[in-house]
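The values are calculated or read from the model by the stated rules, or taken from the named source; none is laboratory data. Just so it is clear, the model here is predicted, and its values are computed rather than measured. Glycine also receives a Cβ, built like all others from the backbone with ideal geometry; neighbour counts cover every protein chain displayed.
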Amino acid sequence: MDKKKKKLIIVIAVILVLAVIGLAIWFFKFRGTGSASGKNVVYVDSVANLAGLSSGDGLNGRYSGVVEPQETWKIEVSQDKKIKEIYVEEGQEVKVGDKLFTYDTQDSEDTLNQSQIDLERIQSDIDTANNNIAELEKEKKEAGADEQLSYTTQIQTAQNSVKRSEYEKKTKAVEIENLKKTIANADVLSEIGGVVKSINKDGTATTSTGEAEPFMTVLATGDYRVKGKVNEQNMSSIIEGNPVIIRSRVDEDKTWKGTLTSVETDKPESSQNSMYMSSGSSETSSSNYPFYVILDSADGLMLGQHVYIEMDNGQEDHKDGIWLDSYYLVMDEEKPEEAYVWAADSKDKLEKRKVTLGEFDEDLQKYQITEGLTAEDYIAYPDDTIEAGAPVTRNINDLSGQNDSDEGSGGGAEDLQGGEGVMPGGSMDGGMDAGNGVSGSMDVQEINGSDEGGEAEIAPGDDDGADDAMDENDVEGSVVSPGPVTIEGDGSAPASAGN
């Protein structure tokens, strides 16, 4: 094969390799993020959520809770017992000593009768054996020397039989005593005053962790506590002994104070709706853990009432309107009138939204927003890498493909808790790390290869002087430029692609 044909084959091979690389990158970057503009998809969170106007999930220092009694009596029923009659209903108030239900004791009574017969038989066997021993000992005294051994053996055998019967007698007596107690205690009486919460009549009810529910649960009336749940990603914010505020869901001006007492880390509850992404995996379900608050006063609270739990940072007086953490605002301290946020517009594109500021709470580091935002709006954390016109998403899982495609820039997708994951207030940083990978407008200019001093070069595409914008045909982070491809040099081997 002559030299010209070799060069032609090399040129074709290089073009094909670059085309395959470009197609692969286009598929994973362009198709994966769903952004035709090549800009990173940015996660936006609800203003209502960030301002504490929606239900609590712990991402903003607010947790959902429910009022429950400090004492709960759970009544278990063994599988070998049957319930004869139930005297109460769910929701019924009971006092100490009230009859709750009674066991069916027919089987126990039959067993008791049989055990008493067995006990009489055992005692008869013992009496017979003792009489036999006495007779043998009498005969032994009158027997000759050659018969002594035989009598001794018979006596010892009879004595051993008596010992076994005595042991059997004691065991049977204990059994009879237990049966009598079972029959006498057939009626189960309430040990506490309270309300019957649940009755698991058919034994099929289970808890959220899959464990069988007790047969009956009675909640004590009187002192209340509040039970909350915290996601594993926010466990560090729950510290025993810290003061908290309990806020009514119906009237947020009504509050109670209390203290965090305990977190049950040994009783996780799976939360399929709580998902996070970690390096090396796509989606992982997280767990919730119950924690408890002891109230300074429970006046006005009702058993079973749903409330909000907040860390006590001096915010007892509920603030009307929208109050945002200062880190969501972009502004010059000398020109607060020019403050703005990154908000999603009507076309789900990111825009700079000017806002008017009201009061500033130095303790909470929150600004009052008097104009520019409503509770229905969605805003993003103002990361340096986001830009106007970027597509937005309200589903944090939509960023999985975007993060996974950023290989080589930091080890893949990061855990949403910490780092570039969940931002303060629960928002997700939708942009790429500045300087940590390929920026949105970067075109790789050349691919170098070497053989006898030859060089293969991809000519740069025309960017028309736009540093931050890309051509419509460009793919964010692509190593292939839409410009023409030229091959220089007489290398006899395909050039290696590099960036």
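Do the conditions hold for Ser190, that is, is it surrounded by 13 or more Cβ atoms within 10 Å (Cβ to Cβ), closer than 30 Å to Thr111 by Cα, of a type in the set (Gly, Ala, Ser) and touching a residue at least 40 places away in the same chain (Cβ under 8 Å)? Outline the logic, then answer.
Working: surrounded by 13 or more Cβ atoms within 10 Å (Cβ to Cβ): yes; closer than 30 Å to Thr111 by Cα: yes; of a type in the set (Gly, Ala, Ser): yes; touching a residue at least 40 places away in the same chain (Cβ under 8 Å): yes.
Answer is yes for this residue.
Is it fair to say Thr105 is under 30 Å from Tyr224 (Cβ atoms) and in contact (Cβ under 8 Å) with a residue 12 or more places away in the chain? Outline the logic, then answer.
Numbers: under 30 Å from Tyr224 (Cβ atoms): no; in contact (Cβ under 8 Å) with a residue 12 or more places away in the chain: yes.
No: the conditions fail for Thr105.
What about Asp383, is it among the acidic types (Asp, Glu) and over 29 Å from the mean Cα position of the chain (by Cα)? Outline the logic, then answer.
Values: among the acidic types (Asp, Glu): yes; over 29 Å from the mean Cα position of the chain (by Cα): no.
Here the answer is no, as Asp383 does not meet what is asked.
Got a sec? Which of Thr153, Thr157, Thr128, Thr111 is assigned to a helix (DSSP H, G or I), touching a Leu at 6+ places or on another chain (Cβ under 7 Å) and polar (S, T, N, Q)?
On the way: Thr153 fails: touching a Leu at 6+ places or on another chain (Cβ under 7 Å); Thr157 fails: touching a Leu at 6+ places or on another chain (Cβ under 7 Å); Thr128 fails: touching a Leu at 6+ places or on another chain (Cβ under 7 Å).
Just one listed residue meets the conditions, Thr111.
Answer yes if at least one residue in segment 94-102 is without any contact (Cβ under 8 Å) to a residue 60 or more places away in the chain and out of contact with any helix residue (DSSP H, G or I) (no Cβ under 7 Å at 6 or more places or on another chain), and no otherwise. It would help to see each step written out before you state the result.
Step one: filter segment 94-102 for residues without any contact (Cβ under 8 Å) to a residue 60 or more places away in the chain, giving none.
Checked segment 94-102: no residue is without any contact (Cβ under 8 Å) to a residue 60 or more places away in the chain and out of contact with any helix residue (DSSP H, G or I) (no Cβ under 7 Å at 6 or more places or on another chain).
Considering only residues that are within 30 Å of Asp107 (Cα to Cα) and in contact (Cβ under 8 Å) with a residue 12 or more places away in the chain, look in segment 127-176 and name the one that is surrounded by the most Cβ atoms within 10 Å (Cβ to Cβ). So that I can check it myself, show each step before the final result.
Let us first name the residues in segment 127-176 that are within 30 Å of Asp107 (Cα to Cα), namely 164-176.
Cutting the leftovers down to in contact (Cβ under 8 Å) with a residue 12 or more places away in the chain gives us 165-166, 168-169, 172-173, 175-176.
Values: Ser165: 20, Glu166: 14, Glu168: 16, Lys169: 16, Lys172: 18, Ala173: 13, Glu175: 15, Ile176: 17.
Checked segment 127-176; the qualifying residue surrounded by the most Cβ atoms within 10 Å (Cβ to Cβ) is Ser165.
Among the candidates Val77, Val66, Val88, which residue alone is assigned to a strand (DSSP E or B), within 30 Å of Tyr292 (Cα to Cα) and either assigned by TED's automatic domain parsing to the domain that holds Tyr292 or within 38 Å of the chain's Cα centre (by Cα) (or both)?
Details: Val77 fails: assigned to a strand (DSSP E or B); Val88 fails: assigned to a strand (DSSP E or B).
On inspection, the qualifying residue turns out to be Val66.
Restrict the check to segment 220-234 and report whether at least one residue is within 29 Å of Phe101 (Cα to Cα) and hydrophobic (A, V, I, L, M, F, W, C).
yes
Considering Val263, Val341, Val293, which residue is surrounded by 13 or more Cβ atoms within 10 Å (Cβ to Cβ), at pLDDT 90 or above, at negative phi and under 23 Å from the mean Cα position of the chain (by Cα)? Reasoning before the result, please.
On the way: Val263 fails: at pLDDT 90 or above; Val341 fails: under 23 Å from the mean Cα position of the chain (by Cα).
Going through Val263, Val341, Val293 in turn, the sole match is Val293.
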